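Below is one structure; the comments refer to it alone.
The values are calculated or read from the model by the stated rules, or taken from the named source; none is laboratory data. All of these numbers come straight from a predicted model, not from anything done at the bench. FYI the Cβ positions are ideal-geometry reconstructions off the backbone, even for glycines, and counts take in every protein chain you see. Protein only, heavy atoms only, side chains kept; ligands, DNA and RNA dropped before computing areas. Shrake-Rupley method; radii C 1.70, N 1.55, O 1.52, S 1.80 Å.
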Amino acid sequence: MSLQGKHIVLGITGSIAAYKAASLVRLLQKEGAEVQVVMTPAAKEFITPLTLATLTKRPVVSEFFDRRDGSWHSHVELGLWADLMLIAPATAATLAKMAYGVADNMLITTYLSMKAPTWVAPAMDLDMYCHPSTVASLERLKSFGVHILESQEGYLASGLEGKGRMMEPEEIALSVKKHFSTRERQPLNGRTVMITAGPTYEAIDSVRFIGNHSSGKMGIALAEEAYSLGATVHLVLGPTQLAPPLSIHTHRVTSAREMLLASEAIFSSADIAIFAAAVADYHPENTISGKIKREKKEQLVLHLVKNPDIAATLAQQRKRNQLLVGFALETSPDHEEAIRKMKNKGMDMMILNSLSDTGAGFSTDTNKVTLLSPNKPPLLLPLETKKEVARDIFKRILMEIAP
């Protein structure tokens, strides 16, 4: 059975298509999956919790707590238990709440706590499906990494015909099977990848900081590529407005010292560690509580203290068979300096960035890098999107870890 041992949280919302959830449960179970149903209150008007609890052999979760004994239903535990969250059917209201984090029911809080990938199968009338607000909700969810099972055309509950029918249970179950079978065939299936990304901010006072222009785009592209290759991915991400896909375990930090602590907690379990963050080299010796008043100081003198070198520190703790990849940002294409850093930091590979290359460096969507490995000639890549660069870096990583 292709879903043997897989845990699936099935979210059901208040759509007439909810009656199809019973068939979907049976199809997933037939493939070996364990299914836990989470319903919105409106969904119970279309299909009873008793039906679904009988099929799944699990109590249906709908309220935040059991009104009989006050026991709490932990959305956090469900988020950790699941290998996939599938919301079918997903109404326009639920899609909007997911898109903006309106956590007013158990299904949405479960989604917001979910560590596994989330899929939605929209179901609604054709005018609702085509409405700009629904389209915007779906686009926003896609940007978060939510997978959309496109609605189908056909006869609708309103009596009209058009796009808005929930994908049929047989097709949904087949898509779930393909998802897991594809990941299990990927070369990094069963491996853990840790990636640091983004800048660090080192506080001067409660308002000001020392930082840099890193956006985290390169590190997030690497995390997405690692996940597509089947890995479990932990991304230690400095301050950025970007939102990585929900399927990536993201640990948000601010300072270099916070990044080191978060990385240390993950490093021992990682098979591959990629140090792509633009970590500040120094932090102020003393951080002022409150805001420094400019009127009271003609000059502001900062005493800076060196930050820990995260890559070099963790390399001293490395285990056998771990692969470590560093990034070197230079103002010129200086291979020798990057090779020196690779040796001194204990890296197995070094990715050289040069700010002198047009279209490369901070905040851009493109990059131009050179891949450096001991005993191999440098590999200069052309200017590419950061997604393409990530793909090329992992091609070299797969060569390095091949038996």
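Rank A226, A53, A173 by mean-square fluctuation in a GNM of the chain with C-alpha springs under 10 angstrom and give only the top-ranked residue.
A53
Could you check the simple spin-label distance between T51 and S269, using points 7 Å along Cα→Cβ, in nm with one decimal?
It is 3.9 nm.
Calculate the length of the line joining the C-alpha centroid of the stretch 288-367 to that of the stretch 197-212, in whole Å.
Spelled out, the Cα-based centre of one part sits 14 Å from the other.
Given axes a ≥ b ≥ c from the Cα gyration tensor, I'd like to know whether the stretch 108-218 is rounded (a/c under 1.5), prolate (a/b larger than b/c) or oblate.
Numbers: a/c = 3.53, a/b = 1.66, b/c = 2.12.
Here the stretch 108-218 falls in the oblate category.
Put +1 on the Cβ of every Lys and Arg and -1 on every Asp and Glu Cβ in the chain; which of F362, A262, S137 then has its Cα farthest towards the positive end of the dipole?
Farthest towards the positive pole: A262.
Arrange the residues T91, T287 by how much accessible surface each exposes, largest first, with a 1.4 angstrom probe. Write out the running numbers ahead of the final one.
On the way: T91 20, T287 80 Å².
I get T287, T91, largest accessible area first.
Which one of A273, A43, T110 is farthest out on the positive end of the charge dipole of the chain, using unit charges on Cβ (Lys, Arg +1; Asp, Glu -1) and the Cα centre as origin?
About the Cα centre, the residue reaching furthest to the positive side is A273.
Pull out a ≥ b ≥ c, the square roots of the eigenvalues of the alpha-carbon gyration tensor of the stretch 1-127, then state rounded if a/c is under 1.5, prolate if not and a/b is larger than b/c, and oblate in the remaining case.
On the way: a/c = 1.23, a/b = 1.08, b/c = 1.14.
Here the stretch 1-127 falls in the rounded category.
Figure the gain on full extension for E139 and S158 (residue separation times 0.36 nm, minus the Cα-Cα span) and round it to one decimal in nm. Walk me through the numbers on the way to the answer.
Working: separation 19, 0.36 × 19 = 6.84 nm, distance 2.54 nm.
So the extension gain works out to 4.3 nm.
Take Q316 and Q241, extend 7 Å from each Cα along the Cα→Cβ direction, and tell me the distance between the two endpoints in nm.
3.9 nm
Measure off 7 Å from each Cα along the Cα-to-Cβ vector at E336 and K395, then give the distance between these two points in nanometres to one decimal.
The two pseudo-label positions are separated by 3.0 nm.
Nearest 5 is fine: what % of DSSP beta bridges in the stretch 170-280 come out antiparallel, could you say? Mind dumping the intermediate values first?
Working: 2 of 17 bridges.
Antiparallel: roughly 10 percent of the beta bridges in the stretch 170-280.
Just to be sure I understand: with springs between alpha-carbon atoms less than 10 Å apart, which residue in H213, H249, H75 has the highest mean-square fluctuation in the Gaussian network model of the chain?
In this elastic network of the chain, the residue with the biggest mean-square fluctuation among H213, H249, H75 is H213.
So between K376 and E77, what do we pick up on full extension, going 0.36 nm a residue minus the alpha carbon distance?
On the way: separation 299, 0.36 × 299 = 107.64 nm, distance 4.67 nm.
Stretched out fully, the K376 to E77 stretch lengthens by 103.0 nm.
Holding the Cα-Cα limit at 22 Å, pick out from K343/K387; K217/K395; K343/K386 the pairs that are longer than that. Mind dumping the intermediate values first?
Numbers: K343/K387 27 Å; K217/K395 19 Å; K343/K386 26 Å.
As for pairs spanning more than 22 Å Cα to Cα, those are K343/K387; K343/K386.
If you put +1 on each Lys and Arg Cβ and -1 on each Asp and Glu Cβ, how big is the dipole of the chain around its Cα centre, in Debye rounded to 20? Show your work: numbers first, answer last.
Working: 44 positive and 42 negative charges, 139 e Å.
Result for the chain is approximately 660 debye, rounded to the nearest 20.
Order the peptides 370-380, 269-279, 157-167 from the highest to the lowest mean number of other Cβ atoms within 10 Å of their residues. If you can, show how the numbers build up before the last one.
On the way: 370-380: 13.9, 269-279: 23.5, 157-167: 16.9.
Order by mean packing, descending: 269-279, 157-167, 370-380.
From the square roots a ≥ b ≥ c of the eigenvalues of the alpha-carbon gyration tensor of the stretch 174-318, which class results: rounded (a/c under 1.5), prolate (a/b over b/c), or oblate? Intermediate values should be presented prior to the final figure.
Details: a/c = 3.77, a/b = 2.28, b/c = 1.65.
Prolate is the answer for the stretch 174-318, as a/c is 1.5 or above and a/b outweighs b/c.
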